[in-house]
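**Student:** Quick one: structure below, then a few questions.
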């Protein structure tokens, strides 16, 4: 018996823990470096060139010209897209926080069937954004869709949501709020569930008003999770592509053309301005990396705390 | 005098008031010592009456809405004020109900009004219970509102081509499988003579007959079937790969002292944050050079990388929860690290692995941007091809709805199956549900 044990022991020696760790982690790192890091360096190089995929010329170095086209006010061709994305991000994330947090407050105390109701509310979040966008297109249709029939007293005189350049962005925001408020709700619910009861008991003994309890206990206790939700949704809003493509594709005109949609059009549809769109991609990337930095930090704080 | 609301909302609010009355009245009456059944009966009455009062208030408030200027804002304000008034009125009315013989009076010295969220005694107070019933009614009605688009999609999938685009939209219609058939089969338009000829034939199955009503003959399977198959192959393989690689990496991160662990994990997660459009431009060029454009292998590699960061983080959370003592005991018993990992840790982590698998599959299944830009035909998946299901002369909404429905049903089932893990899934395993 002892003989077997020694063998096993020496076998373990053979494949040390450190080596196992390396073997286990390497494939993941290699794949991620190949598929993410390398392409990013490649496009960093391209962003300083005037390369186009369809032209048969090799890339020519034009230094910062691409970035000048994007960032300087006189020459910017993309300012509009950044404004649209910014508006979209601010309004949809803001509304999601309000709706999601209110839903969480309503669902805070369990009742019979609250579990099923919560899950039902969560369904939109799991759906494919492009399919959702496409389908809401029919819902928003002024004559065939149900949206105007629900909203207006006189549906036929209602607005043409997707054909009106101001309302089209709001249509996207409405769908985004419909899809992602449940996400905020889910995080807030978890935050609310973790608030210790004794805080409220102490407040009740001190005859604190319910507004005071909300402002001084509920809000600060939920804040870390709400921050995570806000950051995550902000990142996603800056990436907005699937939903917009399904719902409007950037139309009418370029009224709902978010940065990602513009990027897609510049890089792939007809124009194939690879160099310039790589530069635009980098600008977007820097914004997103800044926000995700905050996001991952707060996730880590949550994990350790 | 008209109620300034579209028909839909009149029905909606009526249901709400009956629901609220029905659930909020019994606890109050029971507290006063009346039987439960009487509470239910009276609840219906209270619901109907408060619904009627609500509509009356709205009708009276028409000038207020006009005064606000913006119809939407005005209506919302009036609705909130009216609901508040009714609930406050009912609350006041409650005090006039005489107590019956066996009433459950509040014990001497106990709080008479709710003191807070959590104190146990206040949860049996009728005020609290009634408020909770109203809260629950609001939530149920909101959930119903949320589901309307999904239900509408389900209904449209079974509509005929003309019903799907009827104006005003049809709520009641004759169900047909037309949408599904148009989605899955290619058709050819027939002229009247051909239709007559086709009707004579006796080798037609039900699908042919349905389409013949529309004057079309089925000519074969549509491209969509191929796309669905592609979706399954690509999502399935990449999920498998990312979970296998993910579980290895997660185990290593969880159990060993990996130098620079924090930074590595940070790096892994940050790859997930990259916008697909940004990554696609260089990958497109790279794939074109390597001959991976529009190939299964290319898409599988990409989706694996895309899901890997997620699966490493989620699985690390699950493995962290398995006590180290199990493995340590196994190691003392002479297992090697690998044996301990395979025989002790993996069986313990099976729920976590299953949840991760399903989440990864859903992400790959729903993915649109990469597929749109990096595939053309051979490896194209379903999401980018649903928008292009166009019929002869206009968009075939029934077919699109059928495609969407087929796409959504698995996701809905999964949402239910995974509801305990949803929070973990969406926060990369950082936050656990209580």
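The values are calculated or read from the model by the stated rules, or taken from the named source; none is laboratory data. All values reported here derive from a predicted model rather than from experimental measurement. Every residue, glycine as well, gets a Cβ built from its backbone with ideal geometry; the counts of neighbours run over all protein chains shown.
Let's see how each residue does on (1) in the same structural domain as residue A:91 (by TED's automatic domain parsing); (2) within 17 Å of the chain's Cα centre (by Cα); (3) within 30 Å of residue A:106 (Cβ to Cβ); (4) assigned to a helix (DSSP H, G or I):
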position	(1), (2), (3), (4)
A:212	yes, no, yes, yes
A:227	yes, yes, yes, yes
A:231	yes, yes, yes, yes
A:245	yes, yes, no, yes
A:251	yes, no, no, no
A:266	yes, no, no, yes
A:294	yes, yes, yes, yes
A:297	yes, yes, no, yes
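**Student:** Can I ask one more? Could we say that residue A:156 is modelled with pLDDT under 85, within 9 Å of chain B (Cβ to nearest Cβ) and either part of a helix (DSSP H, G or I) or surrounded by fewer than 20 Cβ atoms within 10 Å (Cβ to Cβ) (or both) here? Before the answer, list the steps.
**Tutor:** Details: modelled with pLDDT under 85: yes; within 9 Å of chain B (Cβ to nearest Cβ): yes; either part of a helix (DSSP H, G or I) or surrounded by fewer than 20 Cβ atoms within 10 Å (Cβ to Cβ) (or both): yes.
Answer is yes for this residue.
**Student:** When region A:88-104 is examined, which residues are found to be away from every other protein chain (no Cβ under 14 Å) and either surrounded by fewer than 16 Cβ atoms within 10 Å (Cβ to Cβ) or at positive phi (or both)?
**Tutor:** A:90, A:94
**Student:** Is it the case, given these coordinates, that residue A:163 is crowded, with 22+ Cβ neighbours inside 10 Å and either more than 7 Å from chain B (Cβ to nearest Cβ) or not in a helix (DSSP H, G or I) (or both)? Outline the logic, then answer.
**Tutor:** Numbers: crowded, with 22+ Cβ neighbours inside 10 Å: no; either more than 7 Å from chain B (Cβ to nearest Cβ) or not in a helix (DSSP H, G or I) (or both): yes.
No; evaluated as a whole, the condition is false for this residue.
**Student:** Applying the selection to region A:200-259, what residues are touching a residue at least 60 places away in the same chain (Cβ under 8 Å) and at positive phi?
**Tutor:** Of everything in region A:200-259, just one residue is touching a residue at least 60 places away in the same chain (Cβ under 8 Å) and at positive phi, namely A:253.
**Student:** Restricting attention to region B:157-171, report how many residues are in contact (Cβ under 8 Å) with a residue 24 or more places away in the chain and facing chain A (nearest Cβ under 7 Å).
**Tutor:** Of the residues in that region, 1 qualify.
**Student:** Being within 34 Å of the chain's Cα centre (by Cα) and surrounded by 23 or more Cβ atoms within 10 Å (Cβ to Cβ) is true for just one of B:376, B:305. Which residue is that?
**Tutor:** Values: B:376 fails: surrounded by 23 or more Cβ atoms within 10 Å (Cβ to Cβ).
Just one listed residue meets the conditions, B:305.
**Student:** Does residue B:242 satisfy the condition of being part of a helix (DSSP H, G or I), under 17 Å from residue B:368 (Cβ atoms) and more than 7 Å from chain A (Cβ to nearest Cβ)? Before you say what the answer is, go through the steps one by one.
**Tutor:** Details: part of a helix (DSSP H, G or I): yes; under 17 Å from residue B:368 (Cβ atoms): no; more than 7 Å from chain A (Cβ to nearest Cβ): yes.
No: the conditions fail for residue B:242.
**Student:** Follow-up. What residue, among those in region B:245-277 that are under 26 Å from the mean Cα position of the chain (by Cα) and part of a loop (DSSP other than H, G, I, E, B), is nearest to the other protein chains (Cβ to nearest Cβ)?
**Tutor:** Across region B:245-277, the extreme among qualifying residues is B:275.
**Student:** Related question: How many residues are over 19 Å from residue A:135 (Cβ atoms) and in contact with a helix residue (DSSP H, G or I) (Cβ under 8 Å, 6 or more places away or on another chain) when one looks only at region B:144-175?
**Tutor:** Going through region B:144-175 one residue at a time, the tally reaches 1.
**Student:** Here is a further query. Scan region A:238-256 for residues that are buried (at least 23 other Cβ atoms within 10 Å of the Cβ) and more than 10 Å from chain B (Cβ to nearest Cβ) and jot them down.
**Tutor:** A:244, A:247, A:248, A:256
**Student:** Here are A:107, A:31: which of them is farther than 30 Å from residue A:256 by Cα, touching a residue at least 12 places away in the same chain (Cβ under 8 Å) and within 13 Å of another protein chain (Cβ to nearest Cβ)? Give the derivation first.
**Tutor:** On the way: A:31 fails: touching a residue at least 12 places away in the same chain (Cβ under 8 Å).
Answer to the check: A:107.
**Student:** It is to be established whether one or more residues within region A:262-285 are away from chain B (no Cβ under 11 Å), under 24 Å from residue A:90 (Cα atoms) and surrounded by fewer than 23 Cβ atoms within 10 Å (Cβ to Cβ).
**Tutor:** First, the residues of region A:262-285 that are away from chain B (no Cβ under 11 Å): A:270-271.
If we keep only those that are under 24 Å from residue A:90 (Cα atoms) too, we end up with none.
No.
**Student:** Something else about it: Would you check which residues across region B:302-326 are without any contact (Cβ under 8 Å) to a residue 12 or more places away in the chain and not in a loop (DSSP other than H, G, I, E, B) and list them?
**Tutor:** Correct list: B:325 only.
**Student:** Continuing with the same structure: What are the residues in region B:215-230 that are surrounded by 18 or more Cβ atoms within 10 Å (Cβ to Cβ) and not in a strand (DSSP E or B), if any?
**Tutor:** If the condition is that a residue be surrounded by 18 or more Cβ atoms within 10 Å (Cβ to Cβ) and not in a strand (DSSP E or B), then B:222, B:224, B:227, B:228, B:230 are the ones that fit.
**Student:** Could I ask something else about it? Could you please let me know if residue B:329 is surrounded by fewer than 22 Cβ atoms within 10 Å (Cβ to Cβ), over 20 Å from the mean Cα position of the chain (by Cα) and outside any loop (DSSP other than H, G, I, E, B)? Write out each step before concluding.
**Tutor:** Numbers: surrounded by fewer than 22 Cβ atoms within 10 Å (Cβ to Cβ): yes; over 20 Å from the mean Cα position of the chain (by Cα): yes; outside any loop (DSSP other than H, G, I, E, B): yes.
Against the criterion (surrounded by fewer than 22 Cβ atoms within 10 Å (Cβ to Cβ), over 20 Å from the mean Cα position of the chain (by Cα) and outside any loop (DSSP other than H, G, I, E, B)), residue B:329 qualifies.
**Student:** While we're on this one: In region A:130-144, what residues are more than 7 Å from chain B (Cβ to nearest Cβ) and either surrounded by 22 or more Cβ atoms within 10 Å (Cβ to Cβ) or at pLDDT 90 or above (or both)? Even if it seems obvious, please write down each step before you answer.
**Tutor:** Here is the first cut: in region A:130-144, the residues more than 7 Å from chain B (Cβ to nearest Cβ) are A:132-133, A:137, A:140-142.
Selection gives A:132, A:133, A:137, A:140.
**Student:** Looking only at helices (runs of 4 or more DSSP H) that fall completely inside region B:148-206, which ones have 1 or more residues that are buried (at least 16 other Cβ atoms within 10 Å of the Cβ) and at pLDDT 80 or above?
**Tutor:** Working: elements: B:161-164, B:178-184, B:192-200.
Passing ranges, in order: B:161-164, B:178-184.
**Student:** While we're on this one: Take the residues in region B:280-300 that are in contact (Cβ under 8 Å) with a residue 12 or more places away in the chain and facing chain A (nearest Cβ under 8 Å); name whichever of them is surrounded by the fewest Cβ atoms within 10 Å (Cβ to Cβ).
**Tutor:** At the first step, the residues of region B:280-300 found to be in contact (Cβ under 8 Å) with a residue 12 or more places away in the chain are B:280, B:283-284, B:287, B:293-296, B:298-300.
From the residues that got through so far, the ones that are facing chain A (nearest Cβ under 8 Å) too are B:280, B:283-284.
Working: B:280: 25, B:283: 27, B:284: 21.
For region B:280-300, the residue satisfying everything is B:284.
**Student:** Being touching a helix residue (DSSP H, G or I) at 6+ places or on another chain (Cβ under 6 Å) and in the same structural domain as residue A:294 (by TED's automatic domain parsing) narrows it down to one of A:163, A:204, A:194, A:171, so name that one. Show your work before the answer.
**Tutor:** Values: A:163 fails: touching a helix residue (DSSP H, G or I) at 6+ places or on another chain (Cβ under 6 Å); A:204 fails: touching a helix residue (DSSP H, G or I) at 6+ places or on another chain (Cβ under 6 Å); A:194 fails: touching a helix residue (DSSP H, G or I) at 6+ places or on another chain (Cβ under 6 Å).
A:171 is the lone residue from the list that is touching a helix residue (DSSP H, G or I) at 6+ places or on another chain (Cβ under 6 Å) and in the same structural domain as residue A:294 (by TED's automatic domain parsing).
**Student:** Has region B:339-359 got at least one residue that is in a loop (DSSP other than H, G, I, E, B) and under 27 Å from residue B:425 (Cα atoms)?
**Tutor:** Looking through region B:339-359, at least one residue is in a loop (DSSP other than H, G, I, E, B) and under 27 Å from residue B:425 (Cα atoms).
**Student:** Out of all the residues in region A:268-292, which are in a helix (DSSP H, G or I), over 22 Å from residue A:176 (Cβ atoms) and out of contact with any helix residue (DSSP H, G or I) (no Cβ under 8 Å at 6 or more places or on another chain)?
**Tutor:** Answer for region A:268-292, where residues must be in a helix (DSSP H, G or I), over 22 Å from residue A:176 (Cβ atoms) and out of contact with any helix residue (DSSP H, G or I) (no Cβ under 8 Å at 6 or more places or on another chain): just A:286.
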